1. Tally the residues that are closer than 21 Å to GLU129 by Cα, more than 8 Å from the ligand (Cβ to nearest atom), of a type in the set (Gly, Ala, Ser) and outside any helix (DSSP H, G or I), restricting the search to segment 44-101.
2. Considering segment 369-386 alone, what residues qualify as being surrounded by 20 or more Cβ atoms within 10 Å (Cβ to Cβ), of a type outside the set (Gly, Ala, Ser) and assigned to a loop (DSSP other than H, G, I, E, B)?
3. Within segment 155-171, can you find the residues that are within 25 Å of the chain's Cα centre (by Cα), part of a helix (DSSP H, G or I) and within 21 Å of ASP117 (Cα to Cα)?
4. Looking at this structure, is ILE126 of a type outside the set (Lys, Arg) and not in a helix (DSSP H, G or I)?
5. Take the residues of segment 265-285 that are within 11 Å of the ligand (Cβ to nearest atom) and not in a loop (DSSP other than H, G, I, E, B): which is farthest from GLY49 (Cα to Cα)?
6. Can you find a residue in segment 37-49 that is surrounded by fewer than 24 Cβ atoms within 10 Å (Cβ to Cβ) and in contact with a helix residue (DSSP H, G or I) (Cβ under 7 Å, 6 or more places away or on another chain)?
7. Given the criterion modelled with pLDDT under 95, among the basic types (Lys, Arg) and either within 19 Å of THR184 (Cβ to Cβ) or surrounded by fewer than 18 Cβ atoms within 10 Å (Cβ to Cβ) (or both), identify the matching residue among LYS282, LYS332, LYS302.
8. Is there a residue in segment 58-68 that is of a type in the set (A, V, I, L, M) and either under 30 Å from TYR355 (Cα atoms) or out of contact with any helix residue (DSSP H, G or I) (no Cβ under 8 Å at 6 or more places or on another chain) (or both)?
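The values are calculated or read from the model by the stated rules, or taken from the named source; none is laboratory data. Everything numeric in this text was worked out from a predicted model, so none of it was measured. With ideal geometry, Cβ positions are generated from the backbone for all residues, glycine too; neighbour counts draw on all protein chains shown.
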Amino acid sequence: MTSRIYNQSMYKFGTPESSLWEASQGARIPHSIKLIGDHSADVAIIGGGYTGLSAAYHLAKDFNVKSSVIEAGHIGWGASGRNGGFCSVGGTAEDNQTLIKKYGLDDVKKYYQSQIDAIELVRSIILDEKIDIKIQGNAEIEVARSSRDFDRLVSYANFRKKSLGLNTSIIPEDRFKEEYFDSTEQYGAISIEPTFGIHPLRFVNGLADAASNRGVNLYSNSEVVSWEKTNNGHLLSTNKGSITAKYVIFATNGFMPEHLLPNFNARSLPIISSIITTRPLKVDELNSHNWKTEDPIINSRKLVNYFRMLPDNRFLFGGRGSSSGNEQGALKNYCYLESVMKKIWPNWRNVDIEYKWHGFVCFTKRLTPSIGRLDDDPSVFFGFGYHGNGVNTSTWTGYQLAKWIGKINVRSEYPEELPNLVRGLSPKFPFSLFRRYYLQAMINFYRFKDNFDFFSK
Ligand SMILES: Cc1cc2nc3c(=O)[nH]c(=O)nc-3n(C[C@H](O)[C@H](O)[C@H](O)COP(=O)(O)OP(=O)(O)OC[C@H]3O[C@@H](n4cnc5c(N)ncnc54)[C@H](O)[C@@H]3O)c2cc1C
C-alpha cells in the first residue's frame, strides 16, 4: 500500500493529463513498450521525465551504456510533459544571501554558472537532435506589480549582476509598456539572460526518441511497485515484469514513490502548480494590451504567476495549484487563476480558457536541488527538488548523473562539477504526513499578502 500525501487523482498514471501540450505534440512514432517478463540492465532508471531521459540519453551517447527507463505513465507523463516550458535560471527557492552565508560566494557562483550551462544544454540537445520545437524569447522577465516591488527588483538585479555575474538588466515602466505589454500590474521589470520558452512535451518526445535511437529501452505504463536488493543487484518489479540492475537512478521528482525505499521518505515536498491557456488571441486582442514579447515572464506576487505568449498566440498563465489535488479543489483553483489573469489583463475578460491542467513541482527542506548517491548504497543515484525550475535543471542533472556513472571506475566521489549546495539528500521534513497542511497555511498567508500588498502599493 502506498502512502501518498496528496489525493489519489494526482497519481492516475494510466490517464494522460488533458493539457494543451498533449493536444499539440504532433504525430508520434511509438518508442516505448510495457515492461513484461524479467530483464536485466547495467543501469535502471525509475522515472521517464527529463531527469531520467537525459541520464539515459547521455549514458548511451557519451559512454555507450545502454540503460532501461521505467515509467509509470506514458513517457513524459509527469511534470516534464506538463510544465510551462520556461527554460530559465532558478532551481532553488532559497534567497541568494542565505545561500552565500551557507555555502560561500564561490559555490553559489558555480551553481548559477551551472544553471546557465543547463539552459545551453537544453538548447544544444534541441538543435543537435533536430527536435521540432520553436525556441521563443531570449530573457526571463520579472515584472513588478507595484513601485515598491520595482525598487526591490532593481536592487536584486544589481546584486545578481555584480556579485553573481549574471546577465541582468532593468526595464523602466515606460519602456516596458512600449516593448513588452501593458496591464493593471506593471511598474517596470528586470530581465535575466539567457532564457527561452519551449513546448515541454515535444522536448520529452525528442529526448526519448534520441535515447531510443541509441539503444535505450523505454518502458511505459510500468509502475515500479517494489524495489529489493538481491545478490544480483537491485530488483525492480512492476505488476507484469522486473528489471535487475547494477545501478539505479531514482528520477521521480514530485511524483516520488517514497515508499519504495526508506532513504527517500520525507525528503521532498511536492507542491501542485497549475496552468490555464486561452484560445489563440486575435491581433486586436493582443493590441489591446500592447502585447509585443515572446519572452517568458514571471510577476512579483508572493504566489508567483508565470506566463508566456505561445507561437499560436494562445496565452499561457500559471501559478500555485490546489492544496489537496482532488478534482473539486483543482477546479476551484483554475477559476481563481483565471480571475487573477483577467484582473491583470481586463481586456481579455471574455476570452475563453481552453485548457487547464496541473502537476507537481518538488521542494526540499534545504530549498536547493538534491543530487547524489546514497551513502549507505553507492549504487543508487538520485536527482530531484528543482523548485519549479526543472526544464534546464533536471536535464542538466540527468547529464551529471550519466557522467558520474559513465566514469564510475575512475571516479567514485562527488564530481567536481556539482556545486556543494546541490549535493546529497536534503534533511527530512519533520511531521512528514502533515507536509501539505503547513504548506497550505503558508499559501493562505501569501494569498492574503498578495491582496493586501496590492491595495497598499
Ligand atoms: C504545472 C507545472 C509547471 C512547471 N513549469 C515549469 C517551467 O516553466 N520551467 C521549468 O523549468 N520547470 C517547470 N516545472 C517543473 C518541471 O516540469 C520539473 O522540475 C521537471 O519536469 C522534473 O523532471 P523530472 O524528470 O525530474 O520529473 P517528472 O517529469 O515529474 O518525471 C518523474 C516521473 O516519475 C514517474 N514515476 C513516479 N513513480 C513511479 C514509479 N513507481 N515507477 C515508475 N515511474 C514512476 C512519474 O510518472 C513521472 O513521469 C513545472 C512543473 C509543473 C507541474
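1. So the count comes out to 2.
2. PRO369, TYR386
3. Within segment 155-171, ALA157, ARG160, LYS161, LEU164 meet the criteria.
4. Numbers: of a type outside the set (Lys, Arg): yes; not in a helix (DSSP H, G or I): no.
For ILE126, the condition - of a type outside the set (Lys, Arg) and not in a helix (DSSP H, G or I) - is not met.
5. Filtering segment 265-285 for residues within 11 Å of the ligand (Cβ to nearest atom) gives 268, 270-276.
Okay, now just the ones that are also not in a loop (DSSP other than H, G, I, E, B), so 270-276.
Numbers: PRO270: 16, ILE271: 17, ILE272: 17, SER273: 17, SER274: 18, ILE275: 19, ILE276: 21 Å.
Of everything passing the filter in segment 265-285, ILE276 is farthest from GLY49 (Cα to Cα).
6. Taking segment 37-49 as the starting set, the residues that turn out to be surrounded by fewer than 24 Cβ atoms within 10 Å (Cβ to Cβ) are 37-42.
From the residues that got through so far, the ones that are in contact with a helix residue (DSSP H, G or I) (Cβ under 7 Å, 6 or more places away or on another chain) too are none.
Scanning segment 37-49, I find no residue that is surrounded by fewer than 24 Cβ atoms within 10 Å (Cβ to Cβ) and in contact with a helix residue (DSSP H, G or I) (Cβ under 7 Å, 6 or more places away or on another chain), so the answer is no.
7. Values: LYS282 fails: modelled with pLDDT under 95; LYS332 fails: modelled with pLDDT under 95.
It is LYS302.
8. No, the conditions are met nowhere in segment 58-68.
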